[in-house]
Amino acid sequence: MSELVVVSDAEGLAAEAAQRFAAAAATAITERGRFVVALSGGSTPGPAYEQLASEPLASQVDWVRVFVLWGDERCVPPDHPDSNYRMASLALLDRVPIPRKNVHRIRGELDPHDAAASYRRELRAVLGADGRIDLMILGLGTDGHTASIFPGTIAVEERKRDVVAVYVERLDAWRVTLTLPVISAARQVMFLVTGAGKAAILARAYAGEALPAGLVQHRDGKLTWLVDSDAAGGLRNDEAW
Ligand code: 6PG
């Protein structure tokens, strides 16, 4: 089942998301000895990452057993201002004792198709026989995209490859993205949505419109829409959808 959790504001959402990250990490590490998380890019998750890098949560997470992936990446070098890897490194990864070998960035500096092929191999190696991400953190674009699965792109229809390169005409830019099958296979999917600007698209996703974000299912896991009251508009807490 999907659940809708409405929190007061963006700060409250960051705190709730960080706490849920820490709880998911503790559960995965207890059950399987490690926690595999795929981070979202964009601006929304930054404050949650910063909360994870601060006390009390920073010392609650067993970072040595945390393995980090990304849901998508812009096709730019890792030190570029648009890089999702750079954003997460500044907000979180450079501030906690996670072994660098546990951080698996998408190599945005490569040719997009080479980067996607390389990440397909790396993703399979990290996931191993289990094949499942423990926690998939996602955002929601105002056009209904998530990760870099943008409407009208080949990424929406991809059901075989776990990672693809996608040219996004609207942005005139290449992206590398995880695709719906591996996203939907995650044990937990957590969408983070804030701001009145997302209220309309969130309502459309909630109404079941066939938007890329709405196509994220959960094989037998849990899908949570964690939204602030501005984004929720008329939607209310814990409404199944
Ligand atoms: C990215 C993200 C993308 C993002 C949405 C929402 O690389 O930008 O993966 O899917 O989550 O565009 O972005 P904001 O959080 O900035 O609104």
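For this structure, a couple of remarks:
- The value of relative contact order for the chain, using C-alpha pairs under 8 Å at least six residues apart, is 26 percent.
- Given charges at Cβ of Lys, Arg, Asp, Glu: segment 146-199 dipole, positive-most of I183, T146, V164: I183
- Put in line by how crowded their Cβ is, counting other Cβ atoms within 10 Å and starting with the fewest, S83, S148, S43, S54 read S43, S54, S83, S148.
- Beta bridges assigned by DSSP with both partners in the chain are antiparallel in approximately 30 percent of cases.
- Fewest-first ranking of Y206, Y119, using other Cβ atoms within 10 Å as the exposure measure: Y206, Y119
- Listed residues L39, L93, L110, most fluctuating in the chain (Gaussian network, C-alpha, under 10 Å): L110
- Hull-based mean projected area of segment 99-241, where the convex hull spans the alpha carbons, in square nanometres: 9.3 nm²
- GluC sites (Glu not before Pro) within segment 145-241, DSSP loop, no more than 15 other Cβ atoms inside 10 Å: E169, E209, E239
- Within the listed set A25, A129, A213, the Gaussian network model of the chain (springs between alpha-carbon atoms below 10 Å) gives the highest mean-square fluctuation for A129.
- Backbone amide hydrogens, once placed in the peptide plane, bring V168 within less than 5 Å of A173, W174, R175, excluding anything fewer than 5 places away on its chain.
- The 3J(HN,Hα) values that the Karplus relation (6.51, -1.76, 1.60; θ = phi - 60°) gives for segment 160-173 are, in residue order, 10, 7, 6, 9, 9, 8, 9, 8, 9, 4, 4, 9, 6, 8 Hz. Gly and Pro appear as x.
- Going from the residue with the fewest nearby Cβ atoms within 10 Å to the one with the most, F21, F67 rank F67, F21.
- Rg/Rh (Cα only; Kirkwood hydrodynamic radius) as it applies to the chain: 0.93
- Given +1 at the Cβ of Lys and Arg, -1 at the Cβ of Asp and Glu and no other charges, the dipole of segment 3-234 around its Cα centre is 800 debye to the nearest 20.
Read-outs throughout are calculated quantities, based only on the coordinates presented, and are distinct from any laboratory measurement. Please read these numbers as outputs of a predicted model, since none were measured by experiment. In this analysis, Cβ positions are derived from the backbone assuming ideal geometry, glycine residues included, and neighbour counts consider all displayed protein chains.
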